[in-house]
Amino acid sequence: MLTGWFLAVPAWALAFGLGVPPAAAQPAARVLVLHDETTLAKDAVTFQRGAFRIDPSGREVVVLCVPTQGQWKQAGSNRDCGSSPPPERRRENARFDSDHTFLGIRNLGVTTEEWARVQQARVPGGPQDVYKKIAESFSYAIGATDTRWQFSSGRLPQELKADIPGAGINVHFGGLFSQQRKIPLFDPRGAGIEVAWRMAMPVFVHTGKAHSGMSIALDLEFPTVGGSLSVVPLIVNIMHPRPRDREGMRTDGRVNYVSTYLEPSARFVHVIENHRRSSAWTGLERFAFRVTRENIALMMGEMRKGAGGGDSLDERELDKASVLGVTLRNESRFLEQGDVAIEVVVDYVRVSRDAGGR
């Protein structure tokens, strides 16, 4: 379903629609992609069981094996699963569908089909099983003006709190693009992109060493010296209870990515509006940054120094670089060492052509 998702709307038209004088919208930026509650179809809410599987009885959680650092390890125990564990022991973690707005939830132990059973478990007087506890811990709603979700790890079965190597229970909102729909990172004039979103996080509580945070991810595709294409996620931290000003190449044990943060001191993005948070806020606020050629040059310099073969990227072919997706991400980790309670409200996530040029 592409209608209403890929857009090319001048900023003055958006400004008139919002009742704002055109002068307030200068300089004009052309909207390329918009993700919000109107573009999110109810059948585009996807659950992937991730590192856990629930026994058909609904009373047991099977903890699965996760690839990390070239090995398969069982979540929680970190036990060696061998070089090639059978499929039924491997975690489920596929790429979410492309070319439409989605809400994706991983590592709650249920599939999209099993979520119906979770909904049934909300009925008073039902079985006090794993599905009931998941129903008490997580919920989402697609409203008339926003999309929201709530998560309280204190109500989860203990097995679903097991440490997942390099990951946690996560929620992604936004979209991924197919090769046919990918967006050039730079236009012929050299202008980059702007990323803006409007959100609130009215509930954020954590105990012990448990952690939850928010980031926005840009999947960037670059040509390599050898003529192939390489995808490098750019992760911009926008909410962290213990923020640190660090940028560079990182890995989760499976994927190498570049990490930065939403502050004026960041080098890999140029902050336009707002900044990173470390505690809850109730009202919807707009956040925005742009990515320019200067940002990309600094990012590539760090990749050459770090792991992942960043020096194989062809800096002479940046005109062929593309954006393969933008997702607002919430991840909760280290739940075996404490609990988190959060609520996230998202108005929109938007990608525009940077009117500010280079």
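Bear in mind these aren't lab numbers, they're just calculated from the coordinates by the rules spelled out. Quick caveat: nothing in here was measured; it's all calculated off a predicted structure. Here the Cβ is made from the backbone with ideal geometry for all residues, glycine too, and neighbour counts use every protein chain on show.
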Computed D for region 250-312, Stokes-Einstein, Kirkwood radius over alpha-carbon pairs, 4 °C, 1.567 mPa s, to the nearest µm² per second, is 96 µm²/s
The chain: most fluctuating residue of GLY125, GLY82, GLY70 per GNM, C-alpha cutoff 10 Å
GLY125
Region 49-122, dipole about Cα centre (Lys/Arg Cβ +1, Asp/Glu Cβ -1), debye to the nearest 20
220 debye
For region 212-274, give the magnitude of the charge dipole about the Cα centre (Cβ charges: +1 Lys/Arg, -1 Asp/Glu; no others), in debye to the nearest 20.
260 debye
Dipole moment magnitude, nearest 20 debye, the chain about Cα centre, only Lys, Arg, Asp, Glu C-beta charged
360 debye
If you work out Kirkwood radius over Cα pairs in Å from the coordinates, which of (1) 23.2; (2) 22.0; (3) 21.4 do you get?
(3)
Residues LYS132, LYS182, LYS305 in order from fewest to most other beta-carbon atoms within 10 Å are LYS305, LYS182, LYS132
For the chain, what does -39500 (n - 2.57) per DSSP helix run (n ≥ 4), summed and divided by total residues, give at 222 nm, in deg cm²/dmol to the nearest 500?
-3000 deg cm²/dmol
What's the local net charge at GLU263, with K and R +1, D and E -1, over the other residues with C-beta under 15 Å away?
+4
Expressed as a percent, the portion of alpha-carbon pairs in region 288-354 spaced more than 14 Å apart is 74 percent
Top of LEU34, LEU298, LEU220 by mean-square fluctuation, Gaussian network on the chain, Cα under 10 Å:
LEU298
Classify region 118-161 as rounded, prolate or oblate from the Cα gyration tensor: take a ≥ b ≥ c as the square roots of its eigenvalues, call it rounded if a/c is under 1.5, otherwise prolate when a/b beats b/c and oblate if not.
oblate
Kirkwood Rh and Cα-based Rg: tell me the resulting Rg over Rh for region 177-333, rounded to two decimals.
0.98
In percent, what relative contact order does the chain have, based on Cα pairs under 8 Å that are 6 or more apart in sequence?
24 percent
Mind checking which aspartates and glutamates have their Cα closer than 18 Å to the Cα of LYS209? Skip sequence neighbours fewer than 8 apart in that chain.
GLU159, ASP163, GLU331, GLU336, ASP339
Under the Karplus curve 6.51 cos²θ - 1.76 cosθ + 1.60, θ = phi - 60°, whole-Hz ³J(HN,Hα) for region 164-176, x wherever Gly or Pro sits
9, x, x, 8, x, 6, 9, 10, 10, 10, x, x, 10
Can you compute 3J(HN,Hα) from phi for each residue in region 137-145, using the Karplus curve 6.51 cos²θ - 1.76 cosθ + 1.60 with θ = phi - 60°, rounded to whole Hz and x for Gly and Pro?
9, 9, 8, 9, 8, 9, x, 6, 10
Using only Cα atoms, find the angle between the long axis of helix 293-305 and the longest principal axis of the chain, and express it within 0 to 90 degrees, rounded to the nearest 10.
50 degrees
